[in-house]
Every structure is written in C-alpha cells, then in structure tokens.
Amino acid sequence: MQSASRKNRRQCVENDLALHKTIFELTDNAQLVFLYEQIEQRIRLFVAFSDMDSDFEELVSWHRPLIESIAAGDATAAEKVARENAANNGMGLVSQLKRSNTAGATGTKASPDQKAKSTR
C-alpha cells in the first residue's frame, strides 16, 4: 500500500500482482495457482502497455477490506469482497480493453494482435 501512496505505478502493479498471487497460494489449490501464473504475465503486459489511469488511493481502498477479512480469517467476508471487486473492477477492465481495441481499429494504437496480422 506504500507504493500506492507514493504513486509509484510500476511498484504498485508489482505489489498488486504479488498480492493476488499470494491470495491464490493461500487457497492451497495448485490448479488455481497454476492458472493464475499462466495469466500473470499477460496481465503485466496489458497494464504496462495500457493507457489506464491509475487512481492509487482507489486501488488501496479496493484491497484493504479483502486483506483485512483474510487476516481476520473471515472467509465469507473475503469471498464477498472479492466477488464485488471482481464484478466492479472487471467492468472497468472490459471498458478499457474495448477502448484499446477501438483505438487500434482507428489507427491510433495497434494491439499486438493487429501488429502481428499486419506483418503476415
């Protein structure tokens, strides 16, 4: 949370990914950890190349209740917070992806898929 308060985007992203990986590891579900590891690099690349605005204080506010409920051992509350965050933040991510795709289609910013197709 300190990286967010200092507005260090790169460190904030690294800490966010580490937090999510830790949460998956706490499940003791090897399949879930494996699946997260498969998408982690894609998430990292998306964030690195996106033009998403980062509201660091908001990022902390999303995670604090989740961390507190996990630390308290309240699985029901943790699940509720995780589902709410996924639903709310997932919509923002989908919107961002749509904006990125639209920008690529108008020639302002090509996606990696579009770049690969243009070189074939």
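Derivation of every value follows stated rules applied to the coordinates shown; laboratory data play no part. Owing to the predicted nature of the structure, the values given are computational and were not obtained by experimental measurement.
Structure data summary
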{"quantity": "Integer Hz, Karplus 6.51/-1.76/1.60 couplings in order for region 20-32, x for Gly and Pro", "calculated": "4, 5, 4, 4, 5, 5, 5, 6, 6, 10, 4, 5, 5"}
{"quantity": "Karplus 3J(HN,Hα) series, Hz, for region 36-48 with 6.51 cos²θ - 1.76 cosθ + 1.60 (x for Gly, Pro)", "calculated": "4, 4, 5, 9, 4, 5, 5, 4, 4, 5, 4, 5, 5"}
{"quantity": "Gain upon complete extension [Ala18, Val33; 0.36 nm per residue less C-alpha separation]", "calculated": "4.2 nm"}
